[in-house]
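What follows is a set of notes on a single structure, which appears directly below.
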Amino acid sequence: MQNIKKYLAEFLGTAVLVLFGCGSAVLTGNLIVIAITFGLAIIIGAYGIASASGCHINPAVSLAMLINGKMSFKDFCAYVAAQIAGAFAGSGLLYAILSCTNRGTDNLGANGYEALSATGITMSGAILAEIILTFVFIYVILSITAKAENAKIAGIVIALTLVAVHIIGINLTGTSVNPARSLAPAVLLGGEALNQVWVFLLAPLAGSAAAACTYKLLAMPDEDESKTKVHRIKAKK
C-alpha cells in the first residue's frame with residue numbers, strides 16, 4: 001500500500017507540473033510568468049506530496065537518486081512509469097481545456113530546436129543546453145536534500161533553481177530538464193515535435209547522470225571517512 005501511495009503521488013505531482021507549467025506557456029507566452037509557474041508547480045509538489053514520494057516528478061531526478069543509491073531500481077522504474085503517466089494526464093487535461101477555447105490545440109508547450117525554437121538553436125546547441133541546465137538543476141537538488149535540516153527550505157530552493165533554469169532555457173529549447181514533461185506534449189502533437197523529442201529525453205538524462213556522478217565525487221562523504229567519523233564518535237563516548 002505504501003508503494004502505491006508513492007507512485008500515485010508521483011503521478012499527481014507530474015500531472016500538476018505539466019498542466020500548470022505547459023499551460024502557462026500556451027496561455028501567456030511570457031517568459032517570466034512561465035518560469036515562475038514551473039517553479040510554483042514544484043512548490044505545490046514539494047509541500048503536497050514530498051512526504052509520500054520525495055516529489056521527484058521528473059525521471060532525471062529519479063535517475064540521479066538511483067545513481068547515488070537513494071532508491072532501488074524497482075522504485076526507479078515504477079517512479080518513471082508513474083511520472084510519464086502523470087505527464088500524459090496533465091497534457092491530456094490541457095488539450096481538453098484548450099479544445100474548449102479559441103486557442104486551438106496545436107501548441108501544448110512542447111520543446112524543440114531549429115524551427116521550433118524561439119532563437120533557432122541548432123540540434124547540437126539544444127543538446128548542450130539541456131545537459132547543462134539539467135546538470136545545474138539536479139546538482140542543486142542533490143545538494144539541498146542531502147541534509148535533513150534543509151527539509152523546510154528544500155522545496156523553495158529547488159523551485160527557484162527551476163525558475164532560473166527556465167529563464168535561461170525557454171527561448172533556447174522551451175526548457176525540458178524533464179523527459180516526462182517533454183514526451184507527453186510531443187506525442188499528443190506529433191509531427192516535428194515528436195521527431196525532435198529524443199533530444200529532450202536523452203539530454204536531460206545525460207545531464208542528470210553527470211550531475212549525480214559529479215556530486216558523488218565532490219560532495220558525498222567517502223565510505224572510509226564516514227566510518228572514521230563513526231569511530232571518533234564512539235571513542236568520545
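Every number here is computed from the coordinates shown, using simple stated rules; none is lab data. It should be emphasised that the depicted structure is a prediction, and the values quoted were computed from it without experimental measurement. Note: ideal-geometry Cβ built from the backbone for every residue, glycine included; neighbour counts use all protein chains shown.
Plainly put, the stretch 16-75 has a radius of gyration that is 1.08 times its Kirkwood radius, both from alpha-carbon atoms, as the Rg/Rh ratio. Taking 0.36 nm per residue of separation and subtracting the current Cα-Cα distance, fully stretching the chain between Ala115 and Ile156 would add 11.3 nm.
The C-alpha atoms of the chain define a longest principal axis, and helix 191-218 lies at about 20 degrees to it. Dipole of the chain computed with +1 at Lys/Arg Cβ and -1 at Asp/Glu Cβ about the Cα centre; of Leu128, Ala64, Thr37, farthest Cα towards the positive end is Ala64.
Put in line by how crowded their Cβ is, counting other Cβ atoms within 10 Å and starting with the fewest, Thr122, Thr173 read Thr122, Thr173. A simple spin-label model places the labels of Ile168 and Asn3 3.8 nm from each other, with each point 7 Å out along Cα-to-Cβ.
Scalar couplings 3J(HN,Hα) for the stretch 59-71, obtained by applying the Karplus form with A = 6.51, B = -1.76, C = 1.60 to θ = phi - 60°, are x, 5, 5, 4, 4, 4, 5, 5, 4, 8, x, 8, 7 Hz; x denotes Gly and Pro. If one puts a single equal scatterer on every Cα of the stretch 2-236 and applies the Debye formula without solvent, what log₁₀ I(q)/I(0) results at q = 0.13, 0.14, 0.15 Å⁻¹? For the requested q values the scattering log ratios are -0.73, -0.83, -0.95. Note on the chain: dipole from Cβ charges, positive end direction compared against Phe200, Thr28, Thr145; the farthest Cα belongs to Thr145.
With the simple model of a label 7 Å out from the Cα in the direction of the Cβ, Ala52 to Leu128 spans 4.2 nm. Spatial offset of the stretch 82-121 relative to the stretch 1-66 amounts to 16 Å, using the alpha carbon center of each.
Between the helical axis of 223-236 and the dominant principal axis of the chain, each derived from Cα atoms, what acute angle in degrees is found, rounded to the nearest 10? Between helix and principal axis, roughly 40 degrees.
Evaluated with a Cβ-only charge set (Lys, Arg +1; Asp, Glu -1), the chain carries a dipole of roughly 1100 debye about its Cα centre, given to the nearest 20. Estimated from helical segments only, the mean residue ellipticity of the chain at 222 nm is -26000 deg cm²/dmol, where each DSSP H run of four or more residues counts as -39500 (n - 2.57).
Available extension along the chain between Ile32 and Arg103 is 23.5 nm, counting 0.36 nm per residue and deducting the alpha carbon span. Between Cys213 and Ser72, the contour length at 0.36 nm per residue exceeds the Cα-Cα span by 49.1 nm.
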